[in-house]
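Following: one structure in structure tokens, then a few remarks.
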Amino acid sequence: MSAYTDPSQCKVALLCGGTSGEREVSLNSGKGAQEALLEAGFDVTMLDTANKSDLMVLLREHFDIAFLALHGAGGEDGTIQGMLEILGIPYIGSDVAASSLAINKAKAKMVYVSAGIPTPASAAYTDLTEVDFDEIIQRVGMHCVVKACFEGSSNGIYMIEDRASLEEAVKSALDLDGEVLIEQYVAGDEYTVAVVGNKEIESLPVIQIVPASDYYDYEAKYAPGGSKHLCPAPISEELTARLQDLAVRAHKALGCSGVSRSDFIVDSQGNAWILETNTIPGMTKTSLLPDAARAKGYTFAELAKRLIDLAFEKHQK
């Protein structure tokens, strides 16, 4: 049950911006979420968590709920969630533990493996002196992907095809955020699946991502024309059901709530491999979550209201 009867009487703190490498994406997500929340009739105040004066508004004024459009460190890693817990303000999405777990690509992969969710072979390091490049090449192959563990929006991701590039990329990723994941490269088609819910979880339609370039990098994600989103994906019912099931299982295994979006590669043999799970999916005009909601028959405004209802549901327990 919702904790309000009239959205206009529900005061929403829309948190966006922040100080991570995904600041600009988050500001755009904030604008998209603001439009949706206003359309749904909510009383919305947009706050940039990079500004202390905005944080003081959060402390000083009464808000019924926080709608999070933050990405990366300081927003998707459990820190702002912890602050909101202390302040007693309900918020959309996953709690402190699930947020901090899902944002760490290496830790999340351990959860996937434990839950029996297929994921590419990998190795993780926090210290350059511990890195054995010969062992890495033997485990994941020379054609691999180096990822800074806590970055998103394809920041800190390097496609590798030779040893010199591997060594340079590992050092760069460690310099960026202190932990690096080296992952086997799997060639195939890219898909993403958003799910919505707490205990009862609903899968949104599968989206196939077709980048204009060879890889789904930052430009492909956010530049106009950088990629096509085919939704619902033109795939078999069997593969659709399998990807949706894996996304639900990842959501549950990580302890997520409210919403999450998991990304997959399907190789030429039809094997599906999970890459990562986002606990605060993007909400820009080119983002995947609003696309999936529309394909399901929800307007973005209806989805935003659903996320707020789920947040109140979680908070009341």
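Summed over segment 258-271, the residues that are under 15 Å from Ala97 (Cα atoms) and surrounded by fewer than 24 Cβ atoms within 10 Å (Cβ to Cβ) give a count of 0. Restricting the first member to segment 23-37 and to residues that are touching a residue at least 60 places away in the same chain (Cβ under 8 Å), and the second to residues that are among the aromatic types (Phe, Trp, Tyr) and surrounded by 24 or more Cβ atoms within 10 Å (Cβ to Cβ), the beta-carbon pairs closer than 8 Å and six or more apart or on different chains are Ala33/Phe67; Leu37/Phe67.
Name the single residue, out of those in segment 1-10 being open to solvent by less than 60 Å² (accessible area, probe 1.4 Å) and either assigned to a helix (DSSP H, G or I) or touching a His at 6+ places or on another chain (Cβ under 6 Å) (or both), that is farthest from Glu313 (Cα to Cα). Looking at residues that are open to solvent by less than 60 Å² (accessible area, probe 1.4 Å) and either assigned to a helix (DSSP H, G or I) or touching a His at 6+ places or on another chain (Cβ under 6 Å) (or both), I get Ser8. Taking segment 219-267 as the range and being in a strand (DSSP E or B), at pLDDT 95 or above and of a type outside the set (A, V, I, L, M, F, W, C) as the test, the residues that pass are Gly258, Ser260, Arg261, Ser262, Asp263. The single condition among (1) open to solvent by less than 50 Å² (accessible area, probe 1.4 Å); (2) hydroxyl-bearing (Ser, Thr, Tyr); (3) touching a residue at least 60 places away in the same chain (Cβ under 8 Å); (4) more than 27 Å from Tyr4 (Cα to Cα) that Thr284 does not meet is (4).
Here Asp64 clears all of (1) under 23 Å from the mean Cα position of the chain (by Cα); (2) open to solvent by 40 Å² or more (accessible area, probe 1.4 Å) except the condition numbered (1).
Note on segment 175-186: residues that are at pLDDT 95 or above and open to solvent by 40 Å² or more (accessible area, probe 1.4 Å) amount to 2.
Table: residues versus (1) open to solvent by 60 Å² or more (accessible area, probe 1.4 Å); (2) of a type in the set (Gly, Ala, Ser).
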position: Ala13; (1), (2): no, yes
position: Arg23; (1), (2): yes, no
position: Ala36; (1), (2): no, yes
position: Leu70; (1), (2): no, no
position: Thr79; (1), (2): yes, no
position: Gly82; (1), (2): no, yes
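Whenever a residue of segment 110-131 is under 27 Å from Leu246 (Cα atoms), its partners that are of a type in the set (Asp, Glu), lying with C-beta atoms within less than 6 angstrom and at least six residues away or across chains, give the pairs Pro120/Glu183; Ser122/Glu183.
Here's the yes/no breakdown for (1) within 22 Å of Ala73 (Cα to Cα); (2) open to solvent by less than 50 Å² (accessible area, probe 1.4 Å); (3) out of contact with any strand residue (DSSP E or B) (no Cβ under 7 Å at 6 or more places or on another chain):
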position: Ala102; (1), (2), (3): yes, yes, no
position: Lys105; (1), (2), (3): yes, yes, no
position: Met110; (1), (2), (3): yes, no, yes
position: Thr119; (1), (2), (3): no, yes, no
position: Ser122; (1), (2), (3): no, yes, no
position: Tyr125; (1), (2), (3): yes, yes, no
position: Asp132; (1), (2), (3): no, no, yes
position: Ile137; (1), (2), (3): no, yes, yes
position: Glu151; (1), (2), (3): yes, yes, yes
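The values are calculated or read from the model by the stated rules, or taken from the named source; none is laboratory data. None of the values given here were measured: they were computed from a predicted structure. Neighbour counts are summed over all protein chains in view; Cβ atoms, including those assigned to glycine, are modelled from backbone coordinates with ideal geometry. Quick note on the areas: whole protein, heavy atoms, side chains included, nothing else; ligands and nucleic acids left out. Shrake-Rupley method; radii C 1.70, N 1.55, O 1.52, S 1.80 Å.
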